[in-house]
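What follows is calculated from the coordinates using simple rules that are stated; it is not laboratory data. Predicted model, so just to flag it, every value in this text is computed and none were measured. Counting neighbours? That spans all protein chains shown, and the Cβs are built from the backbone with ideal geometry, glycine included.
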Amino acid sequence: MQASKEVIMHTSSRPHEDAAVEALHKDPEYAADYLNAVLADGDQQELMVALRRMAKAYGGLPKLAEEAELNAKTLYRTLSPQGNPELRSLMSLLKAMGMRLAVQPISHQHT
């Protein structure tokens, strides 16, 4: 019984970041909802964190840079906390993750 308790304790102490990255990798709908929520908030630093987390979930920056046909060093800089990705780079990165950027109307409630 002691051995199984140790296994349970080990799994439950898994870092939140690892669990989040795994969830993003396993569920593309969740990943899209996650990015949409971050984009809706409009905070650029949060977007950079989210894109780095997504990149990790989809194989890491070097792999995504290759798939997106972007320079890896440039991609690291682009997704840094001070980064400011160009639309072309963002679209290429999202495409490498199997996603795309879309525009939706803001829903207004009529009174």
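Just want to confirm a number: the relative contact order over the range 32-111, from Cα pairs under 8 angstrom separated by 6+ residues, in percent.
Numbers: 52 pairs, mean separation 19.9, N = 80.
Computed over the range 32-111, the figure is 25 percent.
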For the range 26-111 the GluC sites (Glu not before Pro) that pass both the DSSP coil test and the at-most-15 other-Cβ-within-10 Å test are Glu69, Glu86
Can you pull out the trypsin sites (Lys or Arg not before Pro) in the range 23-78 that DSSP calls coil and that have at most 10 other Cβ atoms within 10 Å?
-> none
At 7 Å along the Cα-to-beta-carbon direction for both Asn71 and Leu87, put a label point, then send me their distance in nm to one decimal.
-> 2.3 nm
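Going by the alpha-carbon gyration tensor, a ≥ b ≥ c the square roots of its eigenvalues, is the range 11-111 rounded (a/c under 1.5) or, if a/c is not under 1.5, prolate (a/b greater than b/c) versus oblate? Walk me through the numbers before you get to the answer.
Numbers: a/c = 1.75, a/b = 1.18, b/c = 1.49.
Oblate, since a/c reaches 1.5 and b/c is not below a/b.
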